[in-house]
Every structure is written in structure tokens, then in C-alpha cells.
Amino acid sequence: MADWTEAEREVWAMGPFDGGIPGFVRRVRRVLDVSQRGLAARLGVSQSVVARWETGRTSPRSCVLLRMLRMARLVVTVRDEASGETVAPMRADGARTRGGSRFPAHTDLRVKGWWMPRHLRTWTSVEAHQWAQRSREARDPAIGYRTSPYVKRIERFLLGTPDDHPALHQLVAEMQHLDECREERRRAARARHSARPR
């Protein structure tokens, strides 16, 4: 250290720096106790590819990085920068559209009733009732979300911000609970109506 410049001394005093992706690649090699050539053989890539990862000229794809970390029995955790809390990935069994695709990740899903064709949704016909009964038996609720940022902000203020999309069975349970509440209100209204003097 005697022949170091003032700038070199300052950098040394700051302590170790985060190595980023190149540092993780080197950490995996250290844990596995393998050379660049040894890690390359395990991953099925060339030694020069591992060298480029370690120097930061290129980066491994995320699936390759996760595979390397699993080989070294290391687990990646993601933390919220502000709170320091661990953030989990979104669930894989979240509710899906009727076509099988996922709902947009930034939306908050809500049940809107039992599913029926669009042209019957505002009707009170026998056909609409039959469709609702059919979807109730099939446990197939109508799922929706708000697209307006303003309305979404109000809903989140009143109801809170959900961490994730609920699974289909959770939405079915919510719809069944709403049905029970509605039926309870009807029973109470009938009881009040029959108790009135005539």
C-alpha cells in the first residue's frame, strides 16, 4: 500500500464492491471448486463463453444463471429496495381467461358473478338464470378487472392492493360467499315483509 495513489487508497477504504453477474459466475465457480473450463463443461458451453461472463462482456441468460446457482445450491432472493422485504414471483396457478391465457399482471381481478354469454348479462330471463346455474355448478365465475387507472386507484384505496392474482378456487369461494350473503339478505327481507301487519 505504500506506493498506492490517494485514489487507490480511497477505493480500498470503501470496501468490497458488488460484483454483479460476473461476481455471481465467479462465486459459483468458487463454491463448485471448478475452473472456467470445468463450469463450461457442466453447462455445455465453451470456456470462452464463461470467460466473457466473468469479464462482463456478455451475460448468461437468466435460465442459465439460475441453473448455475442451483448447481452450487444457491438460492436467489429478490428484495424490495425501499422496505427490504423479500418479494416472491407471481403464482403459477393464478386465474386465467376463458381462452387459457393469463390476465394482465398489473390488474386486480374481481369476480363479477357467474359466467354467462355477454348478450344475457343484463337480462333476468329464464335463459340467463339457466346459464348462471350452469356456471355455478361448473364453478366457473365471471372474472373481470378495471382498466381505468383512476378507478383502480380508488379500489386499491378502499380494498387494498392485492399481492397477486387469486387462484380460480379462491374466486369461486368468493362468489359462493357473495351468493350466501345475497340469499341471507333475501331471507331477511322476506321475514320483514311477512312480519308486517296487514
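The values are calculated or read from the model by the stated rules, or taken from the named source; none is laboratory data. These figures come from a predicted structure and were not determined experimentally. Ideal geometry is used to build each Cβ from the backbone, glycine not excepted, and the neighbour counts take in all protein chains shown.
Quick look at the values:
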| read-out | value |
| --- | --- |
| Residue list for the stretch 54-80, restricted to those being in contact with a Leu (Cβ under 9 Å, 6 or more places away or on another chain) and either at pLDDT below 90 or not in a loop (DSSP other than H, G, I, E, B) (or both) | Ser59, Val64, Arg67, Met68, Met71, Val75, Val76 |
| Number of positions in the stretch 140-190 that are over 22 Å from Arg118 (Cβ atoms) and polar (S, T, N, Q) | 3 |
| Selection from the stretch 163-198 of residues that are part of a loop (DSSP other than H, G, I, E, B) and under 30 Å from Pro104 (Cα atoms) | Asp163, Asp164, His165, Pro166 |
| For Ala40: the one exception among (1) exposed (fewer than 10 other Cβ atoms within 10 Å of the Cβ); (2) touching a Ser or Thr at 6+ places or on another chain (Cβ under 7 Å); (3) more than 24 Å from Asp164 (Cβ to Cβ) | (1) |
| Answer from Gly100, Gly94, Gly56 - the residue that is closer than 14 Å to Ala167 by Cα, of a type outside the set (D, E, K, R) and surrounded by 10 or more Cβ atoms within 10 Å (Cβ to Cβ) | Gly94 |
| Some residue of the stretch 84-95 being charged (D, E, K, R) and touching a residue at least 40 places away in the same chain (Cβ under 8 Å) | yes |
| Gly94, sole failed condition from (1) touching a helix residue (DSSP H, G or I) at 6+ places or on another chain (Cβ under 7 Å); (2) under 22 Å from Leu159 (Cβ atoms) | (1) |
| Candidate set: the stretch 103-139, residues that are surrounded by 14 or more Cβ atoms within 10 Å (Cβ to Cβ) and aliphatic (A, V, I, L, M); chosen: the one nearest to Ile154 (Cα to Cα) | Leu109 |
| Conditions (1) without any contact (Cβ under 8 Å) to a residue 12 or more places away in the chain; (2) of a type in the set (Ser, Thr, Tyr); (3) assigned by TED's automatic domain parsing to the domain that holds Val172; number of the one not met by Ser135 | (1) |
| Residues being within 14 Å of Val28 (Cα to Cα) and either aromatic (Phe, Trp, Tyr) or within 22 Å of the chain's Cα centre (by Cα) (or both) - total across the stretch 52-68 | 5 |
| Qualifying positions in the stretch 145-162 - surrounded by 14 or more Cβ atoms within 10 Å (Cβ to Cβ) and of a type outside the set (Phe, Trp, Tyr) | Arg146, Lys152, Glu155 |
| Residue within the stretch 115-138 that is under 23 Å from Gly100 (Cβ atoms) and part of a strand (DSSP E or B) present | no |
| First in the stretch 23-51 and outside the structural domain of Arg67 (by TED's automatic domain parsing), second anywhere and exposed (fewer than 15 other Cβ atoms within 10 Å of the Cβ) and polar (S, T, N, Q), Cβ under 7 Å, 6 or more apart | none |
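Conditions tested, residue by residue: (1) closer than 17 Å to Gly23 by Cβ; (2) not aliphatic (A, V, I, L, M).
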residue: Val34; (1), (2): yes, no
residue: Arg37; (1), (2): no, yes
residue: Trp53; (1), (2): yes, yes
residue: Gly56; (1), (2): yes, yes
residue: Pro60; (1), (2): yes, yes
